[in-house]
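Working notes for the structure below.
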Amino acid sequence: MDANLLRDCVILNRFAWDRTVDPTHSTSCCTWPGVTCTAAPSSRVVSLSLANQNIHGVIPSSIGDLSYLQSLNLSNNALSGPIPPSIGLLLNLRDIDLSNNSLIGRIPPFSLSSSNSNTTCALVGGGNSFTCHDGILPSKCVVPNVPYCTPTNTALQRPTSTSTTNLDPDFTDKFIDLSNKIVIMTLSVAAILTLIALVGMVRLIRQRRKLNAKLAADKATGWKAAIDAATAPAVVAVVTPAPFSAPATLAPVPEVV
């Protein structure tokens, strides 16, 4: 499976709806009901038509990573929580229908890549109860009775419960991913420092070996010179005496009276 398609399938795996989950991602999610992809070999998810699929939980913020998504229909399900701001990253989005769920909070700014008559945008209706919107919405998105966001009504979307059962699972995934990255970075720094220490130690050992070899060579040279000096034959100087010659005439010895 192509790496980009695998990433899309991992994102879709975070939706909880009635379908067979492939935890090993050995098969393409393009075969899942309601999922449409571009043609192989560079397949990407371009459409999610998941109305009336009993989807529950929250819309994961990672949906913004489905960069090729053109149509998103999650209407008539049991989705809760806010619309993730990452939906504004879907630059190829043409149609969106999130009506008849239990969505709350602020409607984030986003755009649709086409404004023709076939473009659809449905956000309100059913159990959706949005606090406000920023006003930066496509013209097709009509949100009656939803005011513009102000500092007052924006604060109203803050969750009142701190129970861990209400935590956004996508936030938990991101926290875990961040923790893993910190651990990996820490281990990487430790590995680099260890490698530097090992390289320094190897260099020190090599220098010590060279020094010992030089000292041994110098010592051997000194011993050889001493041995050569001790075993060299002695040089004896032979002195030849000059020949003796008697005087030609001897002087008479005076008599003693």
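The values are calculated or read from the model by the stated rules, or taken from the named source; none is laboratory data. Note that the coordinates shown come from a computational prediction; the quantities given were computed from them, not determined experimentally. Neighbour counts run over all protein chains shown; Cβ positions are idealised from the backbone, glycine included. Note: accessible area is taken over every heavy atom of the protein model, side chains too, but ligands, DNA and RNA are not part of it. Shrake-Rupley method; radii C 1.70, N 1.55, O 1.52, S 1.80 Å.
For Thr120, the conditions (1) within 19 Å of Cys149 (Cβ to Cβ); (2) open to solvent by 50 Å² or more (accessible area, probe 1.4 Å) are fulfilled apart from (1).
Going by the conditions given, is Asp18 over 32 Å from the mean Cα position of the chain (by Cα), open to solvent by 10 Å² or more (accessible area, probe 1.4 Å) and modelled with pLDDT of 90 or more?
Working: over 32 Å from the mean Cα position of the chain (by Cα): yes; open to solvent by 10 Å² or more (accessible area, probe 1.4 Å): yes; modelled with pLDDT of 90 or more: no.
Here the answer is no, as Asp18 does not meet what is asked.
What about Ser42, is it within 22 Å of Asn4 (Cα to Cα), open to solvent by 70 Å² or more (accessible area, probe 1.4 Å) and in contact (Cβ under 8 Å) with a residue 24 or more places away in the chain? In short, yes.
Yes/no matrix, rows are residues, columns are (1) open to solvent by 90 Å² or more (accessible area, probe 1.4 Å); (2) modelled with pLDDT of 65 or more:
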{"residue": "Lys181", "(1), (2)": "yes, yes"}
{"residue": "Ile192", "(1), (2)": "yes, yes"}
{"residue": "Ile196", "(1), (2)": "yes, yes"}
{"residue": "Met201", "(1), (2)": "yes, yes"}
{"residue": "Lys214", "(1), (2)": "yes, yes"}
{"residue": "Gly222", "(1), (2)": "no, yes"}
{"residue": "Val238", "(1), (2)": "yes, no"}
{"residue": "Ala242", "(1), (2)": "no, no"}
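Which one is most open to solvent (accessible area, probe 1.4 Å) among residues in region 45-56 that are aliphatic (A, V, I, L, M) and in a loop (DSSP other than H, G, I, E, B)? Per the stated criteria, the residue is Ala51. When region 94-117 is examined, which residues are found to be of a type in the set (A, V, I, L, M), part of a strand (DSSP E or B) and open to solvent by less than 30 Å² (accessible area, probe 1.4 Å)? Across region 94-117, the qualifying residues are Ile96, Leu103, Ile107.
When the residues of region 57-93 are narrowed to those that are in a helix (DSSP H, G or I) and more than 19 Å from Pro138 (Cβ to Cβ), which ends up modelled with the highest pLDDT?
Residues of region 57-93 that are in a helix (DSSP H, G or I), as a first pass: 61-65, 85-89.
Still in the running and more than 19 Å from Pro138 (Cβ to Cβ): 61-62, 65.
Working: Ser61: 88, Ser62: 88, Asp65: 91.
So, considering only residues that are in a helix (DSSP H, G or I) and more than 19 Å from Pro138 (Cβ to Cβ), the one modelled with the highest pLDDT is Asp65.
Is it the case that Thr154 is surrounded by 10 or more Cβ atoms within 10 Å (Cβ to Cβ), among the β-branched types (Val, Ile, Thr) and modelled with pLDDT under 70? Against the criterion (surrounded by 10 or more Cβ atoms within 10 Å (Cβ to Cβ), among the β-branched types (Val, Ile, Thr) and modelled with pLDDT under 70), Thr154 qualifies.
I want to confirm something. Restricting to region 126-145 and keeping residues that are assigned to a loop (DSSP other than H, G, I, E, B) and over 19 Å from Ser75 (Cα atoms), which single residue is most open to solvent (accessible area, probe 1.4 Å)? The extreme case among them is Asn145.
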